[in-house]
Amino acid sequence: MSQNMLAMILAGGRGSRLKDLTNKVAKPAVSFGGKYRIVDFPLSNCANSGIDVVGVLTQYESVLLNSYVAAGRRWGLDSKDSGVFVLPPREKADERLNVYRGTADAISQNIDFIDSYEPEYLLILSGDHIYKMDYDAMLTYHKERGANLTVAVIPVPMKEASRFGIMNTDEEGNIVEFEEKPAQPKSNLASMGIYIFTWKDLRRALVADMRASDSSHDFGKDIIPAFLADGKKLVAYKFQGYWKDVGTIDSLWEANMDLLDDRGELNMNDTSWKIYTDDASALPQYIGPDTQVDHAYITQGAVVLGDVRHSVLSTGVVVEEGAKVIDSVLLPGVRVEAGAKVTRALVAENITIGKGAVVGDAGSENITLVAKRVKGVE
Amino acid sequence: MAKIFGIVASSAPFIKVEGMQDYRPIAAFSFIGRYRIVDFPISNMSNSDIDYIQVYMGNKPRSLTEHLGSGRTFNINSKRGKLQMLFPQGSSVNEIYNTDISAYMENLEIIQRMHQDYVVIAPSYMIYTQNYADLVEEHISSGADITLLYHRVDNAKEAFLNCFILNLNRQKGVISLEKNIGKAKNRDIFMDTYVMKKDLFIQLVQEAKKESSMFTLADIVSASAADLDIRGVAHRGYFAAVTDFKSYFDANLALLDHKLAENLFRPDWTIYTRTTDSCPTTYCTGASVKNSIVSNGCLIQGIVENSVIGRGVTIEKGAVVRNSVILSYAQIGPDVHIEGQVVDKWAKVIRAKEIIADPAAPGYIRRSDNL
């Protein structure tokens with residue numbers, strides 16, 4: 001390993017706030033931005049940061065996710081000492097099969113895997129954020145500060161701080177207190193759920209945590225408080241740039257819409273930090289003779305014969321003649337039949353909106369999720 | 001199934017595409033944005049379960065070599081398969097010596113070592129899809145010595161010039177091959193695609209060499225028509241031959257007919273190409289795009305009509321692009337008006353505000369040029 005740092009992506013959660021979108025796939029495998037899946041972001045960040053070995057901890061509906069991430073070639077993680085390893089719960093010789101009981105437990109159950117690489121540092125990531133980040137720069141900071149744990153933080157508006165895990169720091173950026181969703185936040189530095197641990201320190205804490213009967217085996221609830229109680233050195237690494245939690249339909253829609261701001265804060269076109277994904281082997285996009293495409297983010301394989309305004313269209317989407325798509329995100333394989341109208345909606349993969357049907361509402365507070373076929377109107 | 005290996009031939013020296021060919025062989029020409037012409041013969045072979053493929057590289061092979069890479073892109077079995085690039089040295093004395101036969105003679109040992117019984121030879125300057133496994137089956141059951149693929153056209157007077165035509169008898173037996181010099185409308189254009197046994201192929205190559213240093217495979221096949229059972233099989237569907245600049249331009253724009261494009265790109269017959277991991281394309285407010293094929297990674301702020309846009313192209317505010325083929329990473333500056341052009345890769349058109357040609361006689365803007 002070039003940096004002596006191994007990455008582990010926590011990708012086991014269902015993401016139940018994404019409702020029907022995650023009925024059949026785990027949240028990290030949910031489609032994003034026309035051609036990507038959410039997990040492409042941490043994986044591409046790892047590849048671009050020079051991390052060679054990435055473990056992906058999977059549990060919920062993991063068949064698609066497992067087969068997807070196992071092909072490490074997509075992210076260039078396939079050289080000789082490199083790889084992406086899918087780590088679902090395993091039955092072991094001296095124990096029965098245990099599901100992952102929490103984020104920390106998922107790591108604990110894979111101590112043998114981590115030890116086999118003898119890393120000095122362990123990077124913990126989650127599979128549900130959209131951002132570009134150089135983890136190597138964060139590791140440099142971790143080493144410079146001589147920390148046992150470095151937590152990436154991002155300043156959020158103070159009025160929203162109570163929605164996040166908040167890190168209270170001193171002037172030097174040392175974390176003195178961690179509060180999960182505080183009612184009266186003292187700081188606006190939100191944890192991004194990205195941790196660099198010095199492995200031997202974390203290993204010791206995990207072994208103790210496994211034995212603790214009252215633990216919920218969670219990084220935020222158990223491991224970080226234990227590190228603080230032990231007087232370990234915890235530092236906050238301030239991140240600047242685009243970062244978005246896509247845990248809800250509204251936030252997933254918003255993050256897609258942010259892509260319409262081309263070459264914006266999350267510059268997907270930056271060739272020095274590409275986000276890699278599966279190649280779709282589809283034709284380029286085709287824009288028909290009698291259409292209006294006004295402010296859209298469209299990927300290869302889409303066919304647009306109707307009107308599209310302020311929307312994101314994924315691989316294989318078809319918008320038929322006379323159809324209108326406004327302020328919406330159409331995931332791969334969606335077909336909007338002739339004369340149908342989709343407004344302020346997020347349409348799940350391979351869903352067909354029948355002829356003349358109307359879905360979504362321009363005035364609605366929340367985004368309409370369309371996860372079932374919508375019948376046409378005769 | 002019969003054991004088959006594939007040969008993707010380089011285009012003959014008498015086929016010249018002004019401008020573009022200064023930079024790469026026709027095989028490496030960009031096609032409707034994200035493809036290269038060579039993707040078609042290789043994907044046809046790969047989809048026909050032909051996993052041993054020889055590609056003859058031709059002049060200026062850099063771009064083609066980079067594109068083909070390890071061959072992994074083309075879904076060729078990584079253990080029981082191989083995409084082999086062959087670099088014939090050719091002759092610098094006179095390019096009339098650089099025939100396909102001379103390239104095969106140079107690599108005869110490699111061809112002799114192939115352990116498959118049959119060979120399919122396909123061109124790298126023609127665009128079509130064809131199941132070669134079916135074609136070989138048809139070849140075997142017909143009992144023919146050689147099977148040639150052809151396409152019936154009704155515009156041979158003005159198109160497909162420099163291609164060969166097949167003169168067929170009523171039983172689809174090949175009487176002879178001759179160059180199309182535009183004498184008649186309705187012709188059976190030879191698609192430069194052959195099926196035969198490997199041993200016969202080697203024999204023909206050696207005979208051609210003995211006959212004349214200028215003989216091509218088509219010449220020796222035509223000369224053998226009296227002695228061998230040579231049959232034509234008709235091809236249906238999209239077919240284009242890039243034999244000059246105009247035909248390259250036309251082949252691209254023809255696929256703006258989306259029904260035709262769907263006929264060429266069927267879900268059960270993937271055309272593979274190398275990905276560049278470019279992001280989706282952004283259509284800005286105020287942009288207007290009609291009847292166009294657009295690749296990923298573009299930023300479109302202007303007007304685009306009846307055009308093919310390659311990857312990573314920027315079309316700035318007030319720019320107008322009509323009836324044009326814009327290759328990857330080109331930039332069309334603010335208020336620039338372009339019609340009837342092929343703009344080659346990395347070209348920047350900023351100062352020249354109006355470059356307009358009749359699509360019947362399209363213009364060309366050189367690779368990496370600044371205008």
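The values are calculated or read from the model by the stated rules, or taken from the named source; none is laboratory data. This structure is a prediction, so every number in the text was calculated from the model and none was measured. So basically every Cβ, Gly included, is an ideal-geometry build from the backbone, and we count neighbours across all protein chains shown. Areas reflect the complete protein model, heavy atoms only, side chains present, ligands, DNA and RNA absent. Shrake-Rupley method; radii C 1.70, N 1.55, O 1.52, S 1.80 Å.
Suppose the filter is farther than 21 Å from A:Asp245 by Cα and in contact with a strand residue (DSSP E or B) (Cβ under 8 Å, 6 or more places away or on another chain); does A:Ala70 pass it? Spelling it out, A:Ala70 is indeed farther than 21 Å from A:Asp245 by Cα and in contact with a strand residue (DSSP E or B) (Cβ under 8 Å, 6 or more places away or on another chain). The listed residues are B:Val294, B:Val308, B:Val325, and the only one of them that is in contact (Cβ under 8 Å) with a residue 24 or more places away in the chain, more than 9 Å from chain A (Cβ to nearest Cβ), within 27 Å of B:Met126 (Cα to Cα) and open to solvent by less than 20 Å² (accessible area, probe 1.4 Å) turns out to be B:Val325. Close Cβ contacts (under 6 Å, 6 or more residues apart or on different chains) running from residues in the stretch B:339-351 that are over 17 Å from B:Ser247 (Cα atoms) and outside the structural domain of B:Gly19 (by TED's automatic domain parsing) to residues that are of a type in the set (Phe, Trp, Tyr) and at pLDDT 95 or above comprise B:Lys345/B:Tyr329; B:Trp346/B:Tyr329.
Is it the case that A:Ala255 is of a type in the set (A, V, I, L, M, F, W, C), within 8 Å of another protein chain (Cβ to nearest Cβ) and under 17 Å from B:Cys279 (Cα atoms)? Judged against the criteria, A:Ala255 is not a match.
One residue alone among B:Lys198, B:Lys172 is in contact with a Gly (Cβ under 7 Å, 6 or more places away or on another chain), farther than 22 Å from B:Val17 by Cα and buried (at least 18 other Cβ atoms within 10 Å of the Cβ), and that residue is B:Lys172. Looking at the stretch A:324-342, is at least one residue closer than 28 Å to B:Lys317 by Cα and in a loop (DSSP other than H, G, I, E, B)? Scanning the stretch A:324-342 turns up at least one residue that is closer than 28 Å to B:Lys317 by Cα and in a loop (DSSP other than H, G, I, E, B). B:Ser63 meets the stated requirement of being under 17 Å from B:Ser11 (Cα atoms), hydroxyl-bearing (Ser, Thr, Tyr), away from every other protein chain (no Cβ under 14 Å) and out of contact with any His (no Cβ under 8 Å at 6 or more places or on another chain). Restricting the stretch A:68-86 to residues that are over 17 Å from the mean Cα position of the chain (by Cα) and of a type in the set (Ser, Thr, Tyr), which is modelled with the lowest pLDDT? Result: A:Ser79. I'd like the full set of residues that are more than 7 Å from chain B (Cβ to nearest Cβ), over 15 Å from B:Asn296 (Cα atoms) and of a type outside the set (A, V, I, L, M), limited to the stretch A:287-306. Within the stretch A:287-306, A:Asp290, A:Gln292, A:Gly306 meet the criteria.
The one condition from (1) open to solvent by less than 10 Å² (accessible area, probe 1.4 Å); (2) under 22 Å from B:Asp244 (Cα atoms); (3) not in a loop (DSSP other than H, G, I, E, B) that B:Gln21 does not meet is (1). Can you say whether A:Phe197 is outside any helix (DSSP H, G or I) and in contact with a Leu (Cβ under 8 Å, 6 or more places away or on another chain), as far as the supplied structure shows? Considered against the rule, which asks whether it is outside any helix (DSSP H, G or I) and in contact with a Leu (Cβ under 8 Å, 6 or more places away or on another chain), A:Phe197 comes out as yes.
The requirement of being touching a residue at least 12 places away in the same chain (Cβ under 8 Å), surrounded by fewer than 21 Cβ atoms within 10 Å (Cβ to Cβ) and over 16 Å from A:Lys27 (Cβ atoms) is satisfied by A:Arg101. Only strands (runs of 3 or more DSSP E) whose full extent lies in the stretch A:223-311 are considered here, and the ones with at least 2 residues that are buried (at least 20 other Cβ atoms within 10 Å of the Cβ) and not basic (Lys, Arg) are A:234-238, A:285-287, A:293-298. Taking the criterion of being touching a helix residue (DSSP H, G or I) at 6+ places or on another chain (Cβ under 6 Å) and surrounded by fewer than 17 Cβ atoms within 10 Å (Cβ to Cβ), the only residue of the stretch A:193-215 that qualifies is A:Met210. Annotation: of all residues in the stretch A:19-37 being aliphatic (A, V, I, L, M) and crowded, with 24+ Cβ neighbours inside 10 Å, the one that is farthest from B:Gly297 (Cα to Cα) is A:Ala26.
When the stretch A:27-36 is filtered for residues that are at pLDDT 95 or above and away from chain B (no Cβ under 14 Å), nothing remains.
Just checking, does the stretch A:75-88 include any residue being under 20 Å from A:Tyr131 (Cβ atoms) and in a loop (DSSP other than H, G, I, E, B)? For the stretch A:75-88, residues under 20 Å from A:Tyr131 (Cβ atoms) and in a loop (DSSP other than H, G, I, E, B): present. In the stretch A:136-158 there is at least one residue that is in contact (Cβ under 8 Å) with a residue 40 or more places away in the chain, at positive phi and open to solvent by 20 Å² or more (accessible area, probe 1.4 Å). Picking from B:His115, B:His139, B:His151, which residue would you name as being assigned by TED's automatic domain parsing to the domain that holds B:Phe29, open to solvent by less than 40 Å² (accessible area, probe 1.4 Å) and over 30 Å from B:Ser247 (Cα atoms)? Unique residue meeting the criteria: B:His139. Among the residues of the stretch A:149-174, the ones that are more than 25 Å from the chain's Cα centre (by Cα) and of a type outside the set (Gly, Ala, Ser) come to 5 in all. When the stretch B:258-289 is limited to residues that are within 7 Å of chain A (Cβ to nearest Cβ) and open to solvent by 20 Å² or more (accessible area, probe 1.4 Å), the one that is nearest to A:Asp262 (Cα to Cα) turns out to be B:Cys284. For the criterion of being open to solvent by less than 70 Å² (accessible area, probe 1.4 Å) and out of contact with any strand residue (DSSP E or B) (no Cβ under 6 Å at 6 or more places or on another chain), B:Asn180 fails.
Applying the criterion of being more than 18 Å from the chain's Cα centre (by Cα) and open to solvent by less than 70 Å² (accessible area, probe 1.4 Å) to the residues of the stretch B:154-169, the residue that is farthest from B:Tyr125 (Cα to Cα) is B:Asn169. Taking the criterion of being modelled with pLDDT under 90 and within 18 Å of A:Asn45 (Cα to Cα), the residues of the stretch A:1-26 that qualify are A:Met1, A:Ser2, A:Gln3, A:Ala11.
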